[in-house]
Structures are given as structure tokens and as C-alpha cells.
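Every read-out reported here was derived from the displayed coordinates using simple, explicitly stated rules and does not represent laboratory data. Please read these numbers as outputs of a predicted model, since none were measured by experiment. In this analysis, Cβ positions are derived from the backbone assuming ideal geometry, glycine residues included, and neighbour counts consider all displayed protein chains.
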Amino acid sequence: MIKININKKLHGSNGNMNLDINLNIKENDFVSLSGESGSGKTTLLRILAGLETSTGTIQIGNEIWQDEKTCLATQKRKIGFVFQDYALFPNMSVEENLLFVKNDKELAKHLLEITQLANLSKRLPNTLSGGQKQRVSLCRALMNKPKLLLMDEPLSALDPTMRTKLQNEILALHKEFGTTTIMVSHDPSEIYRLSNRVIVLDHGQIINDGNAKDVLLKTTGSQKFSFEGELLDIIKVDVVYIAIVSIGQQLVEVVVSSEEVKDLKIGSQVSISTKAFNPTIIH
């Protein structure tokens with residue numbers, strides 16, 4: 001069990017606020033921190049890592065990392081930290097970046113094999129793609145088999161295909177190592193896929209805490225909801241028409257009637273609304 005009860009006054013772009021966190025996290029949980037920018041998510045990670053100070057207590061199992069008498073140094077906390085910008089040593093090879101944390105060649109080899117980096121072990125970071133660099137960063141964070149893995153928007157700079165691939169690898173590593181993980185993310189699909197618990201912060205306070213479905217799902221049952229998108233094409237298939245709509249990074253097909261087609265113009269912005277899972281298109 002991880003017990004966190006900390007307090008810190010913050011001065012940021014959103015003005016002054018008080019980061020006031022009191023929560024318990026079960027061992028092996030995968031927790032996502034969500035909320036607006038400036039709500040205190042990254043600061044909380046940095047406090048847990050010992051990179052920033054606060055008042056209060058942090059207890060990992062039977063080990064006290066912070067209380068009124070103790071503040072364990074970062075290097076003495078058994079943590080792994082995955083940064084958005086990779087933070088790799090540029091003059092070290094992939095393998096050397098891992099061995100710098102712990103001189104365990106067998107573990108390094110195993111991690112590189114899981115993440116399909118074994119053939120790149122002698123390469124320098126500047127010769128790798130963004131996805132490969134983030135894999136190395138993840139492997140390095142797991143080299144000391146941390147009690148707590150902290151990830152600050154680790155996949156936000158990657159394209160959707162690579163992001164999905166790395167999500168699979170993060171899940172596989174999380175299950176194999178059984179590491180308690182706390183991740184900051186703004187991506188609902190990523191949070192839903194990876195997390196068994198979501199905590200939402202607002203101005204330094206916890207305003208929602210529950211499983212991913214309950215926290216993220218905005219509608220239930222047959223309520224209406226809608227998405228904005230661009231109409232890319234209209235295709236006639238037998239006696240019906242299919243509208244192709246771009247929504248974010250997804251393409252959606254919607255069946256439309258001959259009457260609806262008359263009012264649709266390719267390239268225009270449309271809304272796709274649904275009720276009881278029967279989508280309709282609105283121009």
C-alpha cells in the first residue's frame with residue numbers, strides 16, 4: 001500500500017493554489033492522474049520522486065519516504081521515472097543507458113527483447129526514433145525493479161500508431177514486473193486502456209476518483225451525444241449512401257438517406273449525433 005498525505009503551496013500560471021493530496025494506492029495498481037494543465041499533476045509526481053519538497057507524509061509499504069523527520073533522497077527511493085522528453089544520456093549507447101542504473105546485463109537484455117530493441121542495443125540515442133527513445137526510457141526506468149513507476153505524459157509526443165504500440169508494451173511490462181504505476185495523461189483513450197483507477201485534480205484538489213469507465217464516460221444508457229468532424233466523401237452503395245467523416249484522428253462511416261445527402265457538402269463541418277447507438281449526421 002502507498003499512503004500519500006502531502007500539502008504544498010503552488011504559485012503558477014493559474015495563480016496561487018494549495019496542492020492538498022490525501023490518498024491510498026494499492027500495490028500493483030495502474031493509476032492515471034488527469035485534469036487541466038496547472039492542476040498539480042506533475043508537481044505531485046515530482047514530490048513522490050523527491051525532486052520537490054512538501055509537508056506531510058509518504059509511505060511505501062513499511063518504508064517511510066517522507067514525514068516530519070525524514071525526507072528520503074531521490075536516489076534512495078526505489079522509483080522509476082519516465083519523462084516526456086526521454087532524458088537519455090546522449091553519449092551512451094542504448095544498453096549503457098540501462099546499465100548505468102544497474103549493472104545487470106541479463107535484465108537489460110530481457111527488457112530490450114520485450115520492447116523489440118535488442119538489435120539496437122549498441123546505438124546512440126540520437127540515431128533512434130521518438131518511439132524507440134521512449135522505449136529505452138521505459139526500460140531504463142524498470143532496471144532497478146522500482147516499487148513505484150512514475151510517468152509524465154510519456155507518449156504525448158508520439159504518433160497514434162506508435163502510441164498504441166507502446167501502450168501494449170507498457171501494459172505487458174506492468175503485468176510482468178507488478179510495479180505500482182502512476183501516470184500523468186490528458187488522453188482519455190490512453191487512460192481508459194491502461195488504468196484501473198483515475199484520479200482527477202483541479203487546482204490542487206482531488207475532485208474525482210474511481211475506475212476509468214466511471215470517471216471518463218460522460219453519458220450512460222441511451223443519452224444523446226455528438227462529435228464534430230469534416231465530411232470527406234459520400235459514397236453510394238446500392239440504395240444507400242455512406243458518408244465518410246473525419247473525427248480527430250479517426251474516420252467514421254455513417255449511413256445517410258437520399259434526402260439527407262441533398263443538404264450535405266463535401267469539406268463542410270458536420271456533427272454526428274447518436275441516441276441508443278443509432279448514429280445520424282447533422283450538417
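Here are the numbers for the structure shown:
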quantity	calculated
Acute angle (nearest 10 degrees) that the helix 105-114 long axis makes with the longest principal axis of the chain, alpha-carbon atoms	10
At q = 0.24 Å⁻¹, base-10 log of I(q)/I(0) for the range 1-46 (Debye sum, equal scatterers on each alpha carbon)	-0.95
Alpha-carbon Rg/Rh ratio, for the range 68-160, with Rh computed the Kirkwood way	0.99
Likely footprinting exposure, Val94, Val240, Val254, fewest C-beta neighbours within 10 Å first	Val240, Val254, Val94
10 Å Cβ shell holding at most 14 others, DSSP loop, GluC sites (Glu not before Pro): longest site-free stretch of the chain	69-283
Sequence of Tyr241, Tyr86 once ranked by neighbouring C-beta atoms within 10 Å, starting from the fewest	Tyr241, Tyr86
Computed over the chain: relative contact order in percent, which uses C-alpha pairs under 8 Å that are six or more apart	18
Set of aspartates and glutamates near Lys105 by C-alpha distance (under 16 Å), chain-local residues within fewer than 8 positions excluded	Glu95, Glu96, Glu113
Per-residue [θ]222 nm for the chain (sum of -39500 (n - 2.57) over DSSP H runs n ≥ 4, rounded to 500)	-7000 deg cm²/dmol
Cβ-placed point charges (K, R +1; D, E -1), dipole of the chain about Cα centre in debye, nearest 20	860
Rounded to whole Å, sorted largest first: equivalent-ellipsoid semi-axes of the range 5-146, Cα gyration tensor	32, 18, 13
For the range 16-76, alpha-carbon Rg and Dmax in angstrom	12.2, 34
Listed residue (Thr42, Ala141, Ile206) projecting farthest to the positive dipole end of the chain, Cβ model	Ala141
Ranked His110, His11, criterion: other C-beta atoms within 10 Å, fewest first	His11, His110
Beta bridge orientation in the range 2-216: antiparallel %, DSSP, nearest 5	60
Whole-percent pair-distance distribution, where bins are 10 Å wide, for the alpha carbons of the chain	6, 24, 27, 21, 14, 7, 2, 0
